[in-house]
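Structure first, commentary second.
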Amino acid sequence: METRERTFLMVKPDGVQRGLVGEVISRMENKGLKLVSMKMMQISSDLAARHYGEHKGKPFYDGLIEFITSAPVVAMIWEGDDAVEMSRALIGATDPRKAAPGTIRGDLAVFTGKNIVHGSDSLESADREIGLFFNDNEFYSYKLAQEDSLYD
Ligand code: DAT
Ligand code: MG
């Protein structure tokens, strides 16, 4: 494994309500990414505001904060080669109508405000978001049994 990265993923309230937590996890696992931390939680308005700070002032911001705090989410850290870019590719475009078939949003969602899953968009965002949702010691270091079959 060359450029091992960690990225932050979150199944949003719509994904939890629609019973898609397992589907999202399966797609990441099947690709060969490694789950190193996971927790279910209901996000406070303060955490929501910090997580989505870059969108403050946009027309959809208030609705976004209301939605993300409305019901439990499942927060996760995934690790692997190019994990940030790879998980964004698996998730698909922000607007599910434009997301390619084969992606989570392309296959399973129809509306931008209910697009099932969040994934960090850069290494910097990943570090920041992991820091917002998890403590320093809240992840596991282990070798995946299939690692030798996934990487050269
Ligand atoms: P992404 O989740 O693909 O990183 P983003 O960071 O631009 O997308 O926006 C964060 C979330 O905000 C997005 O997943 C859904 C919501 N959102 C973005 N643009 C929106 C819009 N035009 N209308 C409604 N919700 C929107
Ligand atoms: Mg984003």
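No lab work stands behind these numbers, since they all come straight from the coordinates. Keep in mind that this is a model prediction, so the values were computed, not measured. When we count neighbours, we look across all protein chains shown, and the Cβ atoms used for this are built from the backbone with ideal geometry, even at glycine.
Kirkwood hydrodynamic radius computed over region 79-152 comes to 14.1 Å, based on all pairs of distinct alpha carbons. Taking every DSSP helix (H) stretch of at least 4 residues in the chain, weighting each as -39,500 (n - 2.57) and dividing the sum by the residue count yields a mean residue ellipticity at 222 nm of -10000 deg cm²/dmol. Reducing region 123-152 and region 1-48 to their Cα centroids gives an inter-centroid distance of 12 Å. Computed from phi, the 3J(HN,Hα) profile of region 71-85 under the Karplus parametrisation 6.51, -1.76, 1.60 (θ = phi - 60°) reads 6, x, 10, 10, 9, 9, 10, 10, 10, x, 5, 6, 4, 5, 5 Hz, with x in place of Gly and Pro. A simple spin-label model places pseudo-atoms 7 Å from Cα toward Cβ; at Lys56 and Asn135 they are separated by 2.7 nm. Stretching the chain fully between Lys143 and Ala93 yields a gain of 14.9 nm (0.36 nm per residue, less the alpha carbon separation). Applying a threshold of 29 Å to the alpha-carbon distances of Lys56/Lys114; Lys31/Lys56; Lys34/Lys56; Lys39/Lys114; Lys31/Lys58 flags Lys31/Lys56; Lys34/Lys56; Lys31/Lys58 as lying beyond it.
Across region 139-152, coupling constants 3J(HN,Hα) worked out from phi with the 6.51/-1.76/1.60 Karplus curve, θ = phi - 60°, read 8, 10, 10, 7, 9, 6, 4, 8, 4, 5, 8, 8, 10, 6 Hz, and Gly and Pro carry x.
What do you get for Rg/Rh over the chain if you use C-alpha atoms and the Kirkwood form of Rh? Walk me through the numbers on the way to the answer.
On the way: Rg = 15.0 Å, Rh = 15.8 Å.
Result for the chain is an Rg/Rh of 0.95.
Among Pro96, Pro59, Pro13, the residue with the largest mean-square fluctuation in a Gaussian network model of the chain, with springs joining Cα atoms closer than 10 Å, is Pro59. With a simple spin-label model that places each label point 7 Å from the Cα along the Cα-to-Cβ direction, the separation between Asp107 and Leu150 comes to 1.7 nm. When Tyr142, Tyr52 are sorted by how many other C-beta atoms sit within 10 angstrom of their C-beta, beginning with the fewest, the order is Tyr142, Tyr52.
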